[in-house]
Amino acid sequence: MRFVFSPPAGEATGLLTLPWTEPLEGWKDERLVEIRQRGISRHVVRFVSDNGVLYALKSISERLARREYRLLRFLAGLGIPAVEVVGVAVDLGPDADAILVTKFLPFATTYRAVFSSPRGGGPPTDKLLDALVELLVRLHLSGFFWGDCSLSNALFRYDAGTLEAYLVDAETSEQHPELTFGQRHYDVELAVERVYGELLDLQAGNLLPADVDPLEVAGELQRRYERLWDELTREEIIPPDEQRFRIAERLHRLNELGFDAEEVELIAAPEGNRLRVRTRVAESGHHSRELFLRTGLDVSENQARRLLNDIASFRAYLEQKDRRPVSEIVAANRWLAEVYDPVVAAIPEDLRGRLAPAEIFHEILEHRWYMSERAGRDVGTAAAARSYFERVLPQVPESLDTAAGSE
Amino acid sequence: MAAITLDKVTKRYPDGTEAVHAASLDIADGEFIVFVGPSGSGKSTLLNMVAGLEDITDGELRINGKVVNLLSPKERDIAMVFQTYALYPHMTVRQNMAFPLKIAHLHQDEIDRRVKEAAELLEITEQLDRKPANLSGGQRQRVAMGRAIVRNPQAFLMDEPLSNLDAKLRVQMRTMISRLQQRLKVTTIYVTHDQTEAMTLGDRIMVLRLGVVQQVGSPQELYDYPVNLFVAGFIGSPSMNFMPGQLADGMLKWPLEDMPLPAETMRRLEQEKVPRDVIVGIRPEDFEDAALVDGAKRERGATITVKPDVLESLGSEVFAYFPVPKPRAAQMDELQRVAAEVGAGDAPGSESTFVARLSPATTAQEGATFSLWLDTHKIHLFDAQTGKALGR
């Protein structure tokens, strides 16, 4: 047996004592756990919890395992949302498949769990589609052909009420310098068919809300993909006198969509200047980076947007209270110390791990808004947090990785 | 159904790299053609150009006489058969096969008809109302195949569709694909790196190396008459044994034992004015334990003395591995290149070990010399400089 892994993955060395030379399907080990509401998998996939970390182990041919290992590392290098690959175990015996080891994404949820316990406002299908489409577009912008885009092959994390998708399965994927129209078209076609199949399957199992039409949702995936792709890649002719305004407008729109421009190119043309924008594919968006620079908090894009808004409100409150200007950086630091950290520290021990701290903070802000509306006055964050911990958070299902139970 | 023509189809990337160089081929309506070659040979790129997933840099691709270079994959009406399909656990086999047709907005009667036909073909009619959990591995694969069949495309394109199945299922599905293709008569292009798959499936095989078509022919043609060292080494399992030699005075002089070549071989070689330095190729199955070869047959060949260091008995046959004198390094360059490309670098028969496939009745013993007969009519000769076959 050989276990190939990319350092640092010190904690993964604990996995070496697993019964690798037995077929994965028949493993018996106290570290094996079950994940409820998993997606559909073609291969034997089992989960192991070792030293507080949850790993997904997939039995697959060595050629495909090595390829997937390489592709997942490539995606990690680009900063595209995907599960973290730990290593690949090979030479497990005559005719035995290899085993690919990835880390289960903390605070992740599956599409089936999203349908069974929807969070935030709006239909879950909208959030799932937006997240999946955004991921597919990021992959396509980087020249990555997924080959099996589906709800089962992604994990999702809540991001200020919306969802963010992470690629889980890359066994049929290919990396190219750039994708052709045909490759993108085909990848979307596959995604439409698979999402349709997955929703029909939920319907057949009485797990899909009655108002969701699988065919309509599948068709919507294609439409949303085309809209987003067009927004991000279209070239436009702009008259020279509108140049500055139109470029700023385009870049602002990109930021709104959670993307950043890597490069802006203006090409002189008889009818004006042709604007071409190359989009950065990495997951960390404009707001996420801005929040990180100000507070050191590493959160998702929409969570960052929400927290930045709260920092802005807090700054206005400070300026009003102190009757003097407060710099952005001072406001951000005081907000962290006086608002965010105390709320996070107050999360009851037994409810920690149900949602990411930034998501809990976002939900407390939502809760505060509803409470304040009912009360006809601002109830404040501390009171909202107390109420949220008492009434809302206990209703949130445990996250799939913490809920993983021993077999 | 579709006749597909590749007319000098070329794929060149912006940096100038040619993944496929001027590939030409007429694929007849209903034909099963296999693109085979090692990694980097351009076989998948060529398939992707047919599918519309890769742009064609030069040349023309025609389906039923119509140029389709610029058509999208959907407009070409050809189905890429996916490596594996997920089966949905809450849906019945019938629903699992039918749902792609619903996206295509086909009428329910037509959907029912196609599913019924496909199920009959795949012999899963009785399972139509079962859930996937109640199916065997082979039945699940057949349902997945059914999902492709019900689309009724003009052609099937398959890129290593069996590569992630276990060995037993792979053999089952190979037979199933072959039988289906014979019944459906849908033009099929199948890509594989596995020469056994290619030989067992294809009406014809196109062998590619480094983006260049090496040879197109029936499996038997490729086996009997490989046009060059590469095809000779790639087709056949175990691989052909190779050894540098010289032709002089009607004799083959090589590190084993000098031997006369058959008169008709010499005649053909003389007509071609072949060079003196050659590479000799002989397939493992063209050897036999001399003690088991009767007089008349024995006359067709030559006998050498060898000492096998490993004997592998498979019941129906015995593989004898015996060392042969290592040739001079310069003569081995092309051989080593070919061995590396066909993935036989470490395999017996590629360098200083020959392998012979013998009858299970052989009395050969490991470490003991014995007389080995070889059929000199089956010897292959290649130009030592160019690798091209001689005396064909």
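The values are calculated or read from the model by the stated rules, or taken from the named source; none is laboratory data. Here the structure is a predicted model, which is why all the values come from computation and not from measurement. Here Cβ is always computed from backbone atoms with ideal geometry, including for glycine, and neighbour counts include all displayed protein chains. Accessible surface is based on the protein model in full, side chains and every heavy atom, while ligands, DNA and RNA are left aside. Shrake-Rupley method; radii C 1.70, N 1.55, O 1.52, S 1.80 Å.
None of A:Tyr186, A:Tyr158 is more than 14 Å from every other protein chain (Cβ to nearest Cβ), among the aromatic types (Phe, Trp, Tyr) and crowded, with 20+ Cβ neighbours inside 10 Å except A:Tyr158.
The helices (runs of 4 or more DSSP H) found entirely in segment A:198-312 that carry 3 or more residues being within 14 Å of chain B (Cβ to nearest Cβ) and under 30 Å from B:Gln95 (Cβ atoms) are A:214-233. Might you let me know whether segment A:122-145 holds any residue that is touching a residue at least 12 places away in the same chain (Cβ under 8 Å), within 14 Å of chain B (Cβ to nearest Cβ) and among the polar types (S, T, N, Q)? Within segment A:122-145 (the criterion being touching a residue at least 12 places away in the same chain (Cβ under 8 Å), within 14 Å of chain B (Cβ to nearest Cβ) and among the polar types (S, T, N, Q)), the answer is no, since none of the residues qualifies.
Please go through segment A:256-273 and pick out each residue that is in contact (Cβ under 8 Å) with a residue 12 or more places away in the chain and open to solvent by 90 Å² or more (accessible area, probe 1.4 Å). Please lay out each step first, then the result.
Quick first cut of segment A:256-273, residues in contact (Cβ under 8 Å) with a residue 12 or more places away in the chain only: A:257-266, A:269, A:271-273.
Once the filter is applied, which keeps residues that are in contact (Cβ under 8 Å) with a residue 12 or more places away in the chain and open to solvent by 90 Å² or more (accessible area, probe 1.4 Å), segment A:256-273 yields A:Glu262, A:Glu263, A:Glu271.
Scanning segment A:174-183 for residues that are within 8 Å of chain B (Cβ to nearest Cβ), modelled with pLDDT of 90 or more and open to solvent by 10 Å² or more (accessible area, probe 1.4 Å) yields A:Thr180, A:Phe181.
Only one of the numbered conditions (1) without any contact (Cβ under 8 Å) to a residue 12 or more places away in the chain; (2) open to solvent by 50 Å² or more (accessible area, probe 1.4 Å) is violated by A:Arg315, and that is (1). Condition (residue is closer than 30 Å to A:Thr110 by Cα and either assigned to a helix (DSSP H, G or I) or of a type in the set (Phe, Trp, Tyr) (or both)) applied to segment A:327-335: is it met by at least one residue? No, segment A:327-335 contains no residue that is closer than 30 Å to A:Thr110 by Cα and either assigned to a helix (DSSP H, G or I) or of a type in the set (Phe, Trp, Tyr) (or both). Among the criteria (1) part of a loop (DSSP other than H, G, I, E, B); (2) over 24 Å from the mean Cα position of the chain (by Cα); (3) at pLDDT 90 or above, the one B:Ser316 does not fulfil is (2). Of all residues in segment A:57-66, none are in contact with a strand residue (DSSP E or B) (Cβ under 9 Å, 6 or more places away or on another chain), under 30 Å from A:Glu226 (Cβ atoms) and free of Cβ contacts under 8 Å to residues at least 12 places away in the same chain.
Of the strands (runs of 3 or more DSSP E) contained entirely in segment B:5-118, those carrying at least 1 residues that are buried (at least 20 other Cβ atoms within 10 Å of the Cβ), out of contact with any Asp or Glu (no Cβ under 6 Å at 6 or more places or on another chain) and more than 14 Å from every other protein chain (Cβ to nearest Cβ) fall at B:18-27, B:32-36, B:58-63.
For segment B:128-140, the set of residues classified as under 34 Å from the mean Cα position of the chain (by Cα) and either more than 12 Å from chain A (Cβ to nearest Cβ) or more than 23 Å from B:Leu169 (Cβ to Cβ) (or both) consists of B:Leu135, B:Ser136, B:Gly138, B:Gln139, listed by residue number.
Taken over segment A:110-125, the criterion of being over 12 Å from A:Gly161 (Cα atoms) and assigned to a helix (DSSP H, G or I) is satisfied by A:Tyr111, A:Arg112, A:Ala113, A:Phe115, A:Ser116, A:Thr125. Here A:Gly52 meets each of (1) within 14 Å of another protein chain (Cβ to nearest Cβ); (2) on the phi > 0 side of the Ramachandran plot with one exception, condition (1).
Using the structure shown, decide if A:Ala191 is more than 8 Å from chain B (Cβ to nearest Cβ), buried (at least 21 other Cβ atoms within 10 Å of the Cβ) and without any contact (Cβ under 8 Å) to a residue 60 or more places away in the chain. Considered against the rule, which asks whether it is more than 8 Å from chain B (Cβ to nearest Cβ), buried (at least 21 other Cβ atoms within 10 Å of the Cβ) and without any contact (Cβ under 8 Å) to a residue 60 or more places away in the chain, A:Ala191 comes out as yes. Only one of the listed residues (A:Glu164, A:Glu171, A:Glu134) is at pLDDT below 95 and over 30 Å from A:Arg305 (Cα atoms). That residue is A:Glu171.
Evaluating A:Leu365 against the criteria (1) open to solvent by 20 Å² or more (accessible area, probe 1.4 Å); (2) touching an Asp or Glu at 6+ places or on another chain (Cβ under 9 Å) leaves one unmet condition, (1). For segment A:70-115, a residue qualifies if it is more than 16 Å from the chain's Cα centre (by Cα) and within 14 Å of another protein chain (Cβ to nearest Cβ), and the qualifying residues are A:Arg70, A:Leu92, A:Gly93, A:Pro94, A:Asp95, A:Ala96, A:Asp97, A:Ala98, A:Ile99, A:Leu100, A:Phe115. All of A:Arg246, A:Arg280, A:Arg276 fail the test of being in contact with an Asp or Glu (Cβ under 6 Å, 6 or more places away or on another chain), farther than 26 Å from A:Ala332 by Cα and open to solvent by less than 70 Å² (accessible area, probe 1.4 Å), apart from A:Arg280.
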